[in-house]
Amino acid sequence: MKIIGVRFREVGKICYYDPDDIDIDVNDRVIAETDRGVECGRVILAPRELSNKYDNPIKKIIRKADLEDVVRYEENMKKEKEAFDICKAKIIELDLPMKLISAEYTFDNAKVLFYFTADSRVDFRELVKQLAAIFRVRIELRQVGVRDETKMVGGMGSCGRALCCHSYLSDFVPVSIKMAKEQNLSLNPAKISGVCGRLMCCLKNESDTYEYLNKNMPREGEAVITPAGERGIIVSTSVIRQMVKVLVTKSEDSKEIEEYSLKELRK
């Protein structure tokens with residue numbers, strides 16, 4: 001069985017479909033059924049054989065998008081901006097404690113989805129009622145977290161580049177304070193937190209490398225013997241360079257700090 005990878009939103013999750021013997025290449029537009037309804041997506045992964053057994057049934061794409069479908073998709077993008085402005089005005093009018101993030105039309109125009117953030121649960125029944133009367137389609141409001149908000153809105157990170165979650169990360173990866181400790185970073189929340197206020201996703205990028213290098217790295221304060229046979233105490237370490245600085249006792253009244261690689265020292 002062959003499958004293709006389709007993405008329906010920029011940097012969104014990749015969904016897998018059966019191409020159903022249709023000639024499809026990467027970057028082609030296709031029409032497929034999703035949890036949100038019928039959507040128009042872009043092929044990210046070319047057709048390939050499914051090597052492992054897949055328990056869940058794989059849906060078939062409806063068809064390859066034609067020029068009319070592409071025009072309809074672009075029109076929906078314009079309508080989403082109008083829907084966003086209307087919904088935002090209604091939220092202000094009803095004085096609801098919520099922040100609107102984005103609006104999305106399904107490809108078949110059967111549903112409009114509004115994503116928002118809020119500190120607590122919001123009674124938006126009246127909002128849905130008024131929006132349904134305006135758009136004459138099914139209205140769905142979804143509350144998202146701060147990380148999802150940042151992924152949708154985008155922005156610049158402290159590194160000066162576009163946010164990882166908005167530019168290339170399709171899924172959020174688990175990040176912990178342990179990763180910052182292993183990389184010898186400052187534990188100041190302001191320095192290791194992203195725009196969303198949570199730990200930066202990029203802490204995961206080098207986590208495996210630091211975990212591997214730290215296995216052989218001695219602790220500060222550990223006693224070692226230098227290549228010259230002198231006794232010393234480790235005062236600092238450089239994980240990436242695999243080097244350590246050692247306080248070497250030259251005599252009773254003389255001590256010096258010298259740098260060695262791990263291969264030159266012995267416990």
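The values are calculated or read from the model by the stated rules, or taken from the named source; none is laboratory data. Since we're looking at a predicted model, the values are computed, not measured. Cβ sites come from the backbone with ideal geometry, for glycine too, and all protein chains shown count toward neighbours. Protein only, heavy atoms only, side chains kept; ligands, DNA and RNA dropped before computing areas. Shrake-Rupley method; radii C 1.70, N 1.55, O 1.52, S 1.80 Å.
So, in segment 131-165, how many residues would count as being open to solvent by less than 70 Å² (accessible area, probe 1.4 Å), touching a Leu at 6+ places or on another chain (Cβ under 8 Å) and not aliphatic (A, V, I, L, M)?
6
How about segment 234-261: which of its residues are open to solvent by 70 Å² or more (accessible area, probe 1.4 Å), part of a strand (DSSP E or B) and modelled with pLDDT under 85? Write out each step before concluding.
Start the filter on segment 234-261 by keeping residues that are open to solvent by 70 Å² or more (accessible area, probe 1.4 Å), which leaves 240-241, 245, 250, 252-253, 255-257, 259.
Then drop every residue that is not part of a strand (DSSP E or B), which leaves 245, 250, 255-257, 259.
Selection gives Lys250, Lys255.
Here's a check for you: in segment 166-197, which residue that is surrounded by fewer than 15 Cβ atoms within 10 Å (Cβ to Cβ), within 12 Å of the chain's Cα centre (by Cα) and not acidic (Asp, Glu) is modelled with the lowest pLDDT?
The selected residue is Ser170.
Between Asp18, Asp95, which is crowded, with 17+ Cβ neighbours inside 10 Å and of a type outside the set (Val, Ile, Thr)? Steps first, answer last, please.
On the way: Asp95 fails: crowded, with 17+ Cβ neighbours inside 10 Å.
Testing whether each residue is crowded, with 17+ Cβ neighbours inside 10 Å and of a type outside the set (Val, Ile, Thr) leaves just Asp18.
From the set of residues in segment 235-267 that are closer than 22 Å to Gln183 by Cβ and of a type in the set (Gly, Ala, Ser), which is nearest to the chain's Cα centre (by Cα)?
This residue is Ser238.
Can you pull out the residues in segment 119-140 that are among the β-branched types (Val, Ile, Thr), over 14 Å from Lys88 (Cβ atoms) and in a helix (DSSP H, G or I)?
Looking only at segment 119-140, we keep the residues that are among the β-branched types (Val, Ile, Thr), and these are 122, 128, 134, 137, 139.
Pick out the ones that are also over 14 Å from Lys88 (Cβ atoms) and you get 122, 128, 137, 139.
Result: Val128, single match.
Looking at (1) modelled with pLDDT under 90; (2) surrounded by fewer than 17 Cβ atoms within 10 Å (Cβ to Cβ), can you tell me which one Ile44 breaks?
(1)
Checking the conditions here, which among Lys111, Lys60, Lys64 is in contact (Cβ under 8 Å) with a residue 12 or more places away in the chain, charged (D, E, K, R) and exposed (fewer than 15 other Cβ atoms within 10 Å of the Cβ)? Full working, then the answer.
On the way: Lys111 fails: exposed (fewer than 15 other Cβ atoms within 10 Å of the Cβ); Lys64 fails: exposed (fewer than 15 other Cβ atoms within 10 Å of the Cβ).
Just one listed residue meets the conditions, Lys60.
Exactly one of these conditions fails for Phe114: (1) hydrophobic (A, V, I, L, M, F, W, C); (2) more than 19 Å from Phe8 (Cα to Cα); (3) in contact with a strand residue (DSSP E or B) (Cβ under 6 Å, 6 or more places away or on another chain). Give me its number.
Status for Phe114: all satisfied but (2).
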